[in-house]
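Student: One structure coming up, written as structure tokens, with questions to follow.
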Amino acid sequence: AQSVTQLGSHVSVSEGALVLLRCNYSSSVPPYLFWYVQYPNQGLQLLLKYTTGATLVKGINGFEAEFKKSETSFHLTKPSAHMSDAAEYFCAVRTSGAGSYQLTFGKGTKLSVIP
Amino acid sequence: NAGVTQTPKFQVLKTGQSMTLQCAQDMNHEYMSWYRQDPGMGLRLIHYSVGAGITDQGEVPNGYNVSRSTTEDFPLRLLSAAPSQTSVYFCASSPTGTDNSPLHFGNGTRLTVT
């Protein structure tokens, strides 16, 4: 069974500071990994998705994520936080293989940006 | 291009009432799914469909019913609402639902059961 752990339900950073949101996954086979962002009262939007063979994945709005197989991690980063980045972020995993449809989400990390 | 459209946006039900949450997508996606979002719980899969006429259960299917008669529509039925079903419900679709095919989400339905 696959699972996702997001460390920290709430992270606060100052405007202009580095954003680091942590995601660790548990999967018996190499998974497919995603990061989504949710702004208040909206649905989830795709930030980025892992591409097989890549180590660093670039997404929208200046975000990127590094895949580390040895650490089973897919942490999300952004060099310089902007006020508009304040939102909730979800890491998600889908197991590879035929018939594998379920996308499992972490519990989310709410990012606050302090001016 | 509307994407995934959910109606209604808000709903209040009394315990025991039934209702249908509507979901439609105009992207010709084969895969559609329903999630519920509760504080501190992330999103949990209720039911999903890999094509017209095919549905399957997710992680939390009890108390919910679905059908898929067309590619575009995937309604979620609450047969007898309970306070535990108070939640925000999201419909999501994907071209295939497998591999690195991402989900496209609607804006959600906020349901309160009293």
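Read-outs throughout are calculated quantities, based only on the coordinates presented, and are distinct from any laboratory measurement. Predicted, not measured: the structure shown is a model, and the values here were computed from it. Every residue, glycine among them, receives a Cβ derived from its backbone with ideal geometry; neighbour counts consider all protein chains shown.
Student: In chain B, with Lys and Arg counted as +1 and Asp and Glu as -1 at Cβ, which of these residues, B:114, B:92, B:66, has the Cα nearest the positive end of the dipole, that is, farthest along it?
Tutor: B:114
Student: Follow-up question, since we're still on this one. Project the alpha carbons of region B:2-114 onto their principal axes and report the range along each, largest first, in whole Å.
Tutor: 38, 30, 26
Student: Is there a quick way to get the dipole size of chain A? I mean about its Cα centre, with the Cβ of Lys and Arg at +1 and of Asp and Glu at -1; what is the value in debye to the nearest 20?
Tutor: So the magnitude is around 240 debye.
Student: Can you tally the lysine pairs in the protein assembly as shown where the Cα-Cα distance is under 19 Å and the two residues are eight or more apart, or on different chains?
Tutor: 10
Student: Now, a different point. When the Debye formula is applied to the Cα atoms of the protein assembly as shown, each taken as the same point scatterer, what base-10 log of I(q)/I(0) results at q = 0.11, 0.12, 0.17 Å⁻¹?
Tutor: For the requested q values the scattering log ratios are -0.55, -0.65, -1.23.
Student: How would region B:65-114 be classified by its alpha-carbon gyration tensor: rounded, prolate or oblate, with rounded meaning a/c under 1.5 and the a/b versus b/c comparison settling the rest? Kindly include the intermediate steps, with their values, before the conclusion.
Tutor: Details: a/c = 2.81, a/b = 1.77, b/c = 1.59.
Prolate, because a/c is 1.5 or more and a/b exceeds b/c.
Student: Estimate the FRET efficiency between residue B:26 and residue A:45 by the formula 1/(1 + (r/R0)^6), using the beta-carbon distance for r and 22 Å for R0, to the nearest 0.05.
Tutor: For residue B:26 and residue A:45, the calculated efficiency is 0.80.
Student: Count neighbours as other Cβ atoms within 10 Å of each site's Cβ, and list the GluC sites (Glu not before Pro) in region B:12-114 that are DSSP loop with at most 16 such neighbours.
Tutor: The qualifying sites are B:59.
Student: What's the FRET efficiency of residue A:83 with residue A:110 using the Cβ-Cβ distance as r and R₀ = 22 Å, to the nearest 0.05? Please list the in-between numbers first.
Tutor: Details: r = 15 Å, r/R0 = 0.67.
For residue A:83 and residue A:110, the calculated efficiency is 0.90.
Student: Additional query: Report, in debye and to the nearest 20, how large the dipole of chain B comes out about its Cα centre when Lys and Arg carry +1 and Asp and Glu carry -1 on their Cβ.
Tutor: My answer is approximately 480 debye.
Student: Among rounded, prolate and oblate, which fits region A:3-45 when a ≥ b ≥ c are the square roots of the eigenvalues of its C-alpha gyration tensor, a/c under 1.5 means rounded, and a/b larger than b/c means prolate?
Tutor: oblate
Student: Something else now. At a Förster radius of 25 Å, what calculated FRET efficiency corresponds to the Cβ-Cβ distance of residue B:110 and residue A:20, to the nearest 0.05?
Tutor: So, using R0 = 25 Å, E works out to roughly 0.20.
Student: Continuing with this model, one more query. Of all the stretches in chain B, which is the longest one without any exposed loop site, taking trypsin sites (Lys or Arg not before Pro) in a DSSP loop (any state but H, G, I, E, B) with at most 12 other Cβ atoms within 10 Å?
Tutor: The segment B:15-114 is the longest one with no such site.
Student: On to the next question. In debye to the nearest 20, how big a dipole does the protein assembly as shown give about its Cα centre with +1 on each Lys and Arg Cβ and -1 on each Asp and Glu Cβ?
Tutor: Working: 16 positive and 14 negative charges, 75 e Å.
Dipole about the Cα centre, nearest 20: 360 debye.
Student: What nm value, rounded to one decimal, do you get for the distance between residue A:66 and residue B:70 when each label is placed 7 Å out toward the C-beta?
Tutor: For the pair residue A:66/residue B:70, the computed spacing is 4.9 nm.
Student: What residues qualify as long-range amide H neighbours of residue A:110, i.e. H under 5 Å apart, gap of 5 or more or another chain, H built at 1.01 Å from N?
Tutor: Correct list: A:10, A:11, A:89.
Student: Let me ask you something else. Compare A:19, A:57, A:29 in a GNM of chain A, Cα atoms joined below 10 Å, and give the one with the largest fluctuation.
Tutor: Looking only at A:19, A:57, A:29, the largest GNM fluctuation is found for A:29.
Student: Could you give me the ³J(HN,Hα) list for region A:19-26, computed from phi with Karplus coefficients 6.51, -1.76, 1.60 and θ = phi - 60°, whole Hz, x at Gly and Pro?
Tutor: Whole-Hz 3J(HN,Hα) from phi for region A:19-26: 9, 9, 10, 9, 9, 10, 10, 10.
Student: For chain A, max minus min Cα coordinate along each principal axis, in Å, sorted largest first?
Tutor: 46, 29, 22
Student: Please build a GNM for chain A, connecting alpha carbons under 10 Å apart, and tell me which residue among A:70, A:26, A:84 fluctuates the most.
Tutor: A:70
Student: Gap in Å between the Cα centre of region A:44-115 and the Cα centre of region B:41-76?
Tutor: Centre-to-centre (Cα) distance: 25 Å.
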